[in-house]
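*Asks:* I am attaching a structure below and will ask some questions about it afterwards.
Read-outs throughout are calculated quantities, based only on the coordinates presented, and are distinct from any laboratory measurement. This one's a predicted model, so the numbers in the text were calculated from it and none came from an experiment. Neighbour counts run over all protein chains shown; Cβ positions are idealised from the backbone, glycine included.
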Amino acid sequence: MATVDYYFSLLSPYAYLGHAAVTAMARDTGVTLAYRPVRIFGLFAANGGLPLGQRAPARQRYRLVELQRWREQRGLPLNLQPRYFPVDPSLADRAAIALAQAGADASRYVDAGFRAVWAQDRDIADRAVIAELLRDAGHDAPAVLAAADGEAAATRYQTNTADAIAADLPGLPGYVHQGETFWGQDRIEQLRDAIVSGRAPYLSH
């Protein structure tokens, strides 16, 4: 079964907007999604992206227009100015890594984490909030959080970030299939076409 590396952070609104679409695409095409949360600001620093507050005012304003378009197109609730943003997503991201490392299905937890930030004004830097999200998704919250605090999850977080940088991702979300990089939730249809057609990957070298 083919695998798509799915790079994201729960802090990314565009990753949230694309999550249901990319999981549906995976079900439809039979590919496996490898959940690979990354340190979003490390990725920005390496590949030319800027944190929101450092972007030109015109880019910040245009982002708000794009978010409104895409929340309507995807039919998802999305707060343009969530109460807890920006916030440190590292523990919440590492919880997704811990689930993936345990062979568990992380999709429900990841969806809940996105909604917590972007639709529910909840603080995903709060350990109690993360625990509740894990429990509601059917996971053993203390065990997952203990694993998220461990060295293996921290190392994977760094490795995921390094691999996303090496894949030339300027931002998130990113999807990599057979070495071909697709940046942005608006590229999911192109990713689907590449998978279904079986064409050779387009590479930059």
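*Asks:* Could you grab the Rg to Rh ratio for the stretch 46-97? Cα atoms only, Kirkwood for Rh.
*Replies:* Value, to two decimals: 1.02.
*Asks:* A further question on this structure: Simple spin-label model, 7 Å along Cα-to-Cβ: R69 to M1 in nm?
*Replies:* A separation of 3.5 nm, rounded to one decimal place.
*Asks:* As a test of the definition: which semi-axes, in Å, follow for the stretch 3-197 when you take the square root of five times each eigenvalue of its alpha carbon gyration tensor? Largest first, please.
*Replies:* Computed over the stretch 3-197, the values are 23, 21, 17 Å.
*Asks:* Oh, and also: Which order do peptides 125-133, 59-67, 79-87, 157-165 fall in by mean Cβ count within 10 Å, highest first?
*Replies:* The densest-packed peptide leads the list: 157-165, 125-133, 79-87, 59-67.
*Asks:* Something else about it: Residue by residue through the stretch 172-181, what is 3J(HN,Hα) from phi via Karplus (6.51 cos²θ - 1.76 cosθ + 1.60, θ = phi - 60°)? Round to whole Hz and write x for glycine and proline.
*Replies:* Result, ordered by residue: 10, x, x, 10, 10, 10, 6, x, 8, 9 Hz.
*Asks:* Quick check on the chain: of the DSSP beta bridges with both residues there, what percent are antiparallel, nearest 5%?
*Replies:* Taking every DSSP beta bridge with both residues in the chain, the antiparallel ones total about 55 percent.
*Asks:* In debye, nearest 20, what is the charge dipole magnitude of the chain about its Cα centre with +1 on Lys and Arg Cβ and -1 on Asp and Glu Cβ, if you could check?
*Replies:* That gives a dipole near 520 debye.
*Asks:* Quote the relative contact order of the stretch 3-197 in percent (integer), defining contacts as alpha-carbon pairs under 8 Å separated by 6+ residues.
*Replies:* RCO, the stretch 3-197: 35 percent.
*Asks:* What number, in nm² with one decimal, is the all-direction average of the projected area of the convex hull of the alpha-carbon atoms of the stretch 97-205?
*Replies:* 8.2 nm²
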